[in-house]
Amino acid sequence: MASSRPVDRWIVLKFGGTSVSRRHRWNTIGDLAGKRAEEIGGRALVVVSALSGVTNELTAIAEGAADSAARVDALVTRHGAFLEELELGQEVLAERLAALRGLLQDPRAAGRPLDWQAEVLAQGELLSSTLGAAYLRSRGLDVGWMDARHWLQALPPSPNQSAWSQRLSVNCQGQGGEDFGSRFDAQPTRLLVTQGFIARHGDGGTAILGRGGSDTSAAYFGALLGARGVEIWTDVPGMFSANPKDVPDARLLTRLDYYEAQEIATTGAKVLHPRAIKPCRDAGVPMAIRDTGRPDMPGTRIDGSAEPVPGVKAISRRNGIVLVSMEGIGMWQQVGFLADVFALFKQHGLSVDLIGSAETNVTVSLDPSENLVSTDVLAALSADLAQVCKVKVIVPCAAITLVGRGMRSLLYKLSDVWATFGRERVHMISQSSNDLNLTFVIDEADADGLLPILHGELIDSGAMPVYDAQVFGPRWREIIGSVRPRATPWWRAPAARSRLLALAAQGTPAYAYDLATVRERARQLKAVAAIDRYFYAIKANPHPHILRALAEEGFGLECVSQGELERVFAAVPGIDPAQVLFTPSFAPIDEYRAALARGVNLTVDNVELLQHWPEVFRGRALWLRIDLGHGDGHHRKVNTGGKEAKFGLSAQRVEEFLEQARALDIRIGGIHAHLGSGVENSGHWQQMVDELAGFARRIGSVEVLDIGGGLPVPYSDDDEPFDLDAWGRGLAAVKAVHPAFQLAIEPGRFLVAECGVLLAHATQVVEKDGARRVGLDAGMNALLRPALYDAWHDIANLSRLDQACDADVGVVGPICESSDVFAQRVKLPRATAPGDVMLVADAGAYGFSMASTYNLRALPREEVLP
Ligand code: ADP
Ligand code: ASP
Ligand code: MG
């Protein structure tokens, strides 16, 4: 039977803990192994992990947990139950479970020597492989079982290797003897199941490849067999640009070379064990990471032929990092100091990861996945180091690493990333000499919540080239189906499109506003029960029709200048002044006078106003704008909170303000904060209500808490619509804590951004050094946001809306200014030509209101669609 098969082709499939813990997964394993063997015209070796969570239990037992007996009982029960789920008899695991119990009776159990610990740890994989092979056989597959320890041999200890790593974190022989292949080929079955994680120790006992080491077992087998491939099957469809469980926006990395994959794995992406890559790389065996629950997804391919793409590919985090800071007197450059210090690390069997040095200090990091960094080991090391220098151990730290090719040439794009780290206490920054990584070490607690922020900054700055489809695939949240897609924009409807084309024929650039969209957004907001008072920040778009529509929907109007006030009273004659807010910043005093004369609600934000012009404010009712000391927003230039921001009374000066106000008989009826625009974190407003309520109680007379605006809109396919329901629920919850106050909001963008489009004609289409550019007759003079904030606006060719968008082009304006660029990479029909009508979407907010006549180009026209 064996002789009729081609026996020299192997493929290795490794299945992790979650992939082997359920019956339907084992059906998938059987199907996949059979299919792969067939595809290569050969055989498949299946390497398995222990059932999920089992190695954690075994580790606790190996480390002498007091309740070890109970833990063993629970493991016996769990495996028994799984046999039942698989409809297998209990005898399948009887011997193995007895061996597990036996280890607790073993005389070595008292002293817990490392060889005994290795045997304990090995039981998880021995159990899972045994039951898996039995199950596949019960389904009629041609499956054999083998003990991995007969095949994988731990390398003899290297000099200075600690006893711990010689037994529990070993490396193996990656090259087989002459007969490895033939012995393997002599196995009679088409499919073979074996264990990950374990190998034969030089003394004949068991050795362990380290936590997560089943990946490495598969890689060794792949290398030893010269396999067609090694596939790591797990619970995510590949390696991502960040841990997808922490960063839902993380992108699948579809293609990586061995070196980048190595760096991502080494710096914390648990999906692949860092030691798994070298054996495959040396043997030229391609690797793939795949998802057992989504076997149709292509996953990540790692091989030697991936074209290098510059840019940050991933950001990862390692926890439990230990920093050892060594302070000496005049030691740097002192002959032999470093040699003395590192000799001590060597003596304690510790391998050093990162190194930072200064005139009188050397700091190194120890990675717990490579070292046993127990308190005992650290105490012994510190005692020895104390002989040569002053030692400080800083734990626990987190190392956050950006990985990608050409890190040094990307530094100029990382200003936001540096700024984010600048807000934390950074212990160490290290840039690898292979130019593949940049690492920041901070306190572990400070790292929580940081990765999604940094990941977003890497994309926004262009440092992570997510538009490159050779490397970047879909986002995790798309894969798991938790994306709330944007609604189809109004201008795509055939009737709207014809009207817009007709408008464009009358001349461009022109803004067109769809009032139905404005009313729809207004009604969505009015449905949020926790809000009592609504204002529209007219600076976003003060077009009279929009003001009237929103006033009709029950919105008050918020102004920041006398010009805006005049616009409001002209556009909405008869508006109740109490429905008008005036919130100026550093405006001339006459504007305050005029506003008070009109009887509108005035908000002030500093003490100096009252000190300088007491008579203007005496006896008035005012609102007060407070700076809560922190800001947020889609871009640094729209962040309006914190020390750097010019807005708001410093929280430090509230008492001083109140004293002055009392002296002038001023009554503070409302307090206001607005910390930024385009804020995506809905917890932001809850926190604001909480903080404002604290101030309101101190002031006493406050009835209204005005939490500003800042609600975001989805400008690109990558953005999700703001979750108004979640926002409303959050506000209702925090309002229940502070029921004494009314809540007011004053959004601008949210109400009007999506109602507006900017129409332009294409002027010229030009190729230059491989780049294709479409010019428009509208530029930064008509829409400033891209140039000012790097803002994204979708752009469509309205004349060719039905054609495929098959070209990547830059879209630019006619202004003599290098920042006159709408976007560098827009997908447009290749046939886009001069004279086509182009549409810039979501331009209803801060479009016309920020337009200028720069270069003496005329202001765009404005048209309203009813
Ligand atoms: P297995 O049990 O299959 O070996 P692991 O838990 O060891 O699985 O590895 C898979 C996990 O790795 C994923 O569930 C994911 O949370 C985590 N992970 C961390 N970083 C990354 C990353 N950059 N890409 C993908 N997964 C990652
Ligand atoms: N079962 C081992 C662990 O959990 C090895 C592995 O799953 O890769 O660490
Ligand atoms: Mg793993």
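The values are calculated or read from the model by the stated rules, or taken from the named source; none is laboratory data. Keep in mind the model is a prediction, meaning the values are calculated, not measured. Reconstructed Cβ throughout: ideal geometry from the backbone, glycine too, with neighbour counts over all protein chains shown. Ligands, DNA and RNA are stripped out before the accessible areas are found, and what is left, the full protein with its side chains, is counted by its heavy atoms. Shrake-Rupley method; radii C 1.70, N 1.55, O 1.52, S 1.80 Å.
Looking only at residues that are open to solvent by less than 30 Å² (accessible area, probe 1.4 Å) and within 16 Å of ligand 3 (Cβ to nearest atom) in region 246-267, which one is modelled with the lowest pLDDT?
Only one residue fits best here, namely THR267.
List, please: which pairs have Cβ atoms under 7 Å, are six or more places apart or on different chains, and start with a residue in region 544-557 that is on the phi > 0 side of the Ramachandran plot and end with one that is at pLDDT 95 or above and surrounded by 17 or more Cβ atoms within 10 Å (Cβ to Cβ)?
From residues that are on the phi > 0 side of the Ramachandran plot, the pairs are GLY554/TYR534.
Among the helices (runs of 4 or more DSSP H) confined wholly to region 415-465, which include 3 or more residues that are out of contact with any Pro (no Cβ under 6 Å at 6 or more places or on another chain) and open to solvent by 60 Å² or more (accessible area, probe 1.4 Å)?
Fully inside region 415-465 and qualifying: 415-422.
Taking ALA787 as meeting all but one of (1) more than 27 Å from the chain's Cα centre (by Cα); (2) over 25 Å from THR583 (Cβ atoms); (3) in a helix (DSSP H, G or I), write down the number of the exception.
Evaluating ALA787 over (1) more than 27 Å from the chain's Cα centre (by Cα); (2) over 25 Å from THR583 (Cβ atoms); (3) in a helix (DSSP H, G or I) leaves (1) as the failure.
Do any residues in region 333-355 that are closer than 16 Å to ALA379 by Cα have Cβ atoms under 6 Å from those of residues that are surrounded by 15 or more Cβ atoms within 10 Å (Cβ to Cβ) and of a type in the set (Lys, Arg), where the two are at least six apart or on different chains, and which pairs are they?
Final answer for the pair search is none.
How many of the residues making up region 539-553 are open to solvent by less than 10 Å² (accessible area, probe 1.4 Å) and over 27 Å from ASP777 (Cα atoms)?
Of the residues in that region, 3 qualify.
Have a look at VAL568, VAL616, VAL560 and point out the one that is open to solvent by less than 10 Å² (accessible area, probe 1.4 Å) and on the phi < 0 side of the Ramachandran plot.
The match here is VAL568.
Considering each of VAL377, VAL364, VAL341, VAL373 in turn, give the residue that is in a loop (DSSP other than H, G, I, E, B), closer than 21 Å to ILE394 by Cα and touching a Leu at 6+ places or on another chain (Cβ under 9 Å).
VAL373
Limited to region 233-245, what total is found for residues that are assigned to a loop (DSSP other than H, G, I, E, B), over 16 Å from SER19 (Cα atoms) and away from ligand 3 (no atom under 14 Å from the Cβ)?
Result for region 233-245: 3.
Would you check which residues across region 191-209 are buried (at least 19 other Cβ atoms within 10 Å of the Cβ) and on the phi > 0 side of the Ramachandran plot and list them?
PHE197
Please work out if ASP147 is at pLDDT below 95, of a type in the set (Asp, Glu) and within 30 Å of ARG281 (Cα to Cα).
no
As an exercise: evaluate GLU84 against (1) under 30 Å from ALA186 (Cα atoms); (2) open to solvent by 10 Å² or more (accessible area, probe 1.4 Å) and give the number of the one condition it does not meet.
Here GLU84 clears every test but (1).
Being within 16 Å of ligand 3 (Cβ to nearest atom), surrounded by fewer than 24 Cβ atoms within 10 Å (Cβ to Cβ) and over 21 Å from SER369 (Cβ atoms): is that true of GLY284 here?
Here the answer is no, as GLY284 does not meet what is asked.
Being of a type in the set (Asp, Glu) and open to solvent by less than 50 Å² (accessible area, probe 1.4 Å): is that true of ASP706 here?
In short, yes.
Please work out which residue is farthest from ARG318 (Cα to Cα), limiting yourself to region 210-230 and to residues that are surrounded by fewer than 24 Cβ atoms within 10 Å (Cβ to Cβ) and within 16 Å of ligand 3 (Cβ to nearest atom).
Looking at residues that are surrounded by fewer than 24 Cβ atoms within 10 Å (Cβ to Cβ) and within 16 Å of ligand 3 (Cβ to nearest atom), I get GLY210.
If I ask for residues that are at negative phi, small (Gly, Ala, Ser) and open to solvent by 40 Å² or more (accessible area, probe 1.4 Å), which ones from region 466-515 would you list?
Matches in region 466-515: ALA469, SER482, ALA487, ALA493, ALA495, SER498, ALA502, ALA505.
Sort out for me the helices (runs of 4 or more DSSP H) sitting completely within region 1-99 that have 2 or more residues that are more than 16 Å from ligand 2 (Cβ to nearest atom) and among the hydrophobic types (A, V, I, L, M, F, W, C).
Helices (runs of 4 or more DSSP H) meeting the threshold: 23-40, 68-85.
Filter region 340-374 down to the residues that are under 33 Å from the mean Cα position of the chain (by Cα) and of a type in the set (S, T, N, Q) and list them by number.
Within region 340-374, SER351, SER357, THR363, SER365, SER369, ASN371, SER374 qualify.
Evaluate the following for SER241: is it in contact with a Phe, Trp or Tyr (Cβ under 9 Å, 6 or more places away or on another chain), modelled with pLDDT of 95 or more and away from ligand 2 (no atom under 16 Å from the Cβ)?
yes
When both residues are 6+ apart or on different chains and their Cβ atoms are under 9 Å apart, which pairs have a first residue that lies in region 661-672 and is among the acidic types (Asp, Glu), and a second that is open to solvent by 10 Å² or more (accessible area, probe 1.4 Å)?
Once the first residue is among the acidic types (Asp, Glu) and sits in region 661-672, its partners that are open to solvent by 10 Å² or more (accessible area, probe 1.4 Å) give ASP665/ARG618; ASP665/GLY619; ASP665/ARG620.
Evaluate region 299-310: report whether one residue or more is under 30 Å from GLY449 (Cβ atoms), open to solvent by 60 Å² or more (accessible area, probe 1.4 Å), in contact with a helix residue (DSSP H, G or I) (Cβ under 9 Å, 6 or more places away or on another chain) and not small (Gly, Ala, Ser).
So far as region 299-310 goes, yes, one or more of its residues are under 30 Å from GLY449 (Cβ atoms), open to solvent by 60 Å² or more (accessible area, probe 1.4 Å), in contact with a helix residue (DSSP H, G or I) (Cβ under 9 Å, 6 or more places away or on another chain) and not small (Gly, Ala, Ser).
For LEU51, are the conditions met, namely being away from ligand 1 (no atom under 16 Å from the Cβ) and open to solvent by less than 30 Å² (accessible area, probe 1.4 Å)?
So LEU51 fails the test.
Just need a number here: residues in region 285-326 that are small (Gly, Ala, Ser) and closer than 22 Å to LEU209 by Cβ.
The number of residues fulfilling the criteria is 3.
Hey, could you check region 29-74 for residues that are of a type in the set (S, T, N, Q) and in contact (Cβ under 8 Å) with a residue 60 or more places away in the chain and say which is farthest from ligand 3 (Cβ to nearest atom)?
Going through the qualifying residues, I end up with THR59.
Here's the yes/no breakdown for (1) hydrophobic (A, V, I, L, M, F, W, C); (2) open to solvent by less than 50 Å² (accessible area, probe 1.4 Å); (3) within 30 Å of ALA851 (Cβ to Cβ); (4) in contact (Cβ under 8 Å) with a residue 40 or more places away in the chain:
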| position | (1), (2), (3), (4) |
| --- | --- |
| GLU720 | no, no, yes, yes |
| VAL737 | yes, no, no, yes |
| PHE741 | yes, yes, no, yes |
| GLU754 | no, yes, yes, yes |
| THR763 | no, no, yes, yes |
| ARG772 | no, no, yes, no |
| ASN781 | no, yes, yes, yes |
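Looking at PRO159, PRO188, can you tell me which residue is surrounded by fewer than 17 Cβ atoms within 10 Å (Cβ to Cβ), more than 16 Å from ligand 2 (Cβ to nearest atom) and modelled with pLDDT of 90 or more?
The match here is PRO188.
Where in region 141-232 are there helices (runs of 4 or more DSSP H), lying fully within it, with 2 or more residues that are within 27 Å of VAL373 (Cβ to Cβ) and in contact (Cβ under 8 Å) with a residue 60 or more places away in the chain?
So the answer is 163-168, 214-225.
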